[in-house]
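For reference, the structure is listed below as structure tokens.
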Amino acid sequence: MENNFKEILTRYPEGSVENLIPILQDIQEAEGYLSEESVASVARYLDMPASKIYGEATFYNQFRFTPLGKYHVQVCCGTACHVLGAATVLEEIQKNIGVESGQTSKDGLFSLEVVACIGACGLAPVISVNGNFHAKVTGESIKEIMDNYRNQEKS
């Protein structure tokens, strides 16, 4: 990350606090999340307390503080998905992979995120795993979908 971090900061040579959000966005894009080390480095670069950076970053739901799993599961909870059973789908995914929204499984295989709308209302309820959409999912189909990803690890 050190080289990535230096390269990112060269885009913001003035070291101004107005660049905080774009710097954090670039770091998250490069690292996948905001690590303690990256927040501390940004704090030093911008000459501001790390606690203030955490305060800003936690205000926006776009920032993550833990790495994503190999398979990042997004559950749509938009209106169409909600009406057609997204809550049940989410509950089954949580039971199946053993994490709540915003968490990553201990083995690093799965991470889970609830999103407001994936933009695939005609497929509702829908989940996305690393950008691959699974349409008209049900509580019953979740086990098969998640097992397929687990089996990819074994082959």
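Pull up the range 72-81, narrow it to residues that are more than 11 Å from GLY32 (Cβ to Cβ) and touching an Asp or Glu at 6+ places or on another chain (Cβ under 9 Å), then point me to the one that is surrounded by the most Cβ atoms within 10 Å (Cβ to Cβ).
In this case the residue turns out to be VAL73.
Any idea which of VAL137, VAL115, VAL126 is of a type in the set (A, V, I, L, M, F, W, C), in contact with a Pro (Cβ under 7 Å, 6 or more places away or on another chain) and surrounded by 12 or more Cβ atoms within 10 Å (Cβ to Cβ)?
One residue alone meets the criteria, VAL137.
For the range 4-11, check the following and say yes or no: at least one residue is exposed (fewer than 12 other Cβ atoms within 10 Å of the Cβ) and under 30 Å from PHE133 (Cα atoms).
No: the range 4-11 contains no residue that is exposed (fewer than 12 other Cβ atoms within 10 Å of the Cβ) and under 30 Å from PHE133 (Cα atoms).
Answer yes if at least one residue in the range 88-95 is at pLDDT 95 or above and basic (Lys, Arg), and no otherwise.
Yes, the range 88-95 contains at least one residue that is at pLDDT 95 or above and basic (Lys, Arg).
So, GLU7, is that one without any contact (Cβ under 8 Å) to a residue 24 or more places away in the chain and outside any loop (DSSP other than H, G, I, E, B) or not? So that I can check it myself, show each step before the final result.
Working: without any contact (Cβ under 8 Å) to a residue 24 or more places away in the chain: yes; outside any loop (DSSP other than H, G, I, E, B): yes.
Spelling it out, GLU7 is indeed without any contact (Cβ under 8 Å) to a residue 24 or more places away in the chain and outside any loop (DSSP other than H, G, I, E, B).
Within the range 120-155, track down each residue that is part of a helix (DSSP H, G or I), in contact (Cβ under 8 Å) with a residue 24 or more places away in the chain and touching a strand residue (DSSP E or B) at 6+ places or on another chain (Cβ under 6 Å).
TYR149
Are any residues in the range 16-41 small (Gly, Ala, Ser) and surrounded by 12 or more Cβ atoms within 10 Å (Cβ to Cβ), and if so, which ones? Please lay out each step first, then the result.
Of the range 16-41, the ones small (Gly, Ala, Ser) are 16, 30, 32, 35, 38, 40-41.
Selection gives ALA30, GLY32, SER35, SER38, ALA40, SER41.
Against the condition in contact (Cβ under 8 Å) with a residue 24 or more places away in the chain, in a loop (DSSP other than H, G, I, E, B) and more than 19 Å from GLY32 (Cα to Cα), how does CYS117 come out, does it pass?
Values: in contact (Cβ under 8 Å) with a residue 24 or more places away in the chain: yes; in a loop (DSSP other than H, G, I, E, B): yes; more than 19 Å from GLY32 (Cα to Cα): yes.
Yes: the conditions hold for CYS117.
For the range 15-103, give me every one of the helices (runs of 4 or more DSSP H) that falls completely inside it and has 1 or more residues that are outside the structural domain of GLY122 (by TED's automatic domain parsing) and touching a Ser or Thr at 6+ places or on another chain (Cβ under 7 Å). Full working, then the answer.
Numbers: elements: 20-31, 36-46, 50-59, 79-83, 86-97.
Qualifying helices (runs of 4 or more DSSP H): 20-31.
The values are calculated or read from the model by the stated rules, or taken from the named source; none is laboratory data. Keep in mind that this is a model prediction, so the values were computed, not measured. Reconstructed Cβ throughout: ideal geometry from the backbone, glycine too, with neighbour counts over all protein chains shown.
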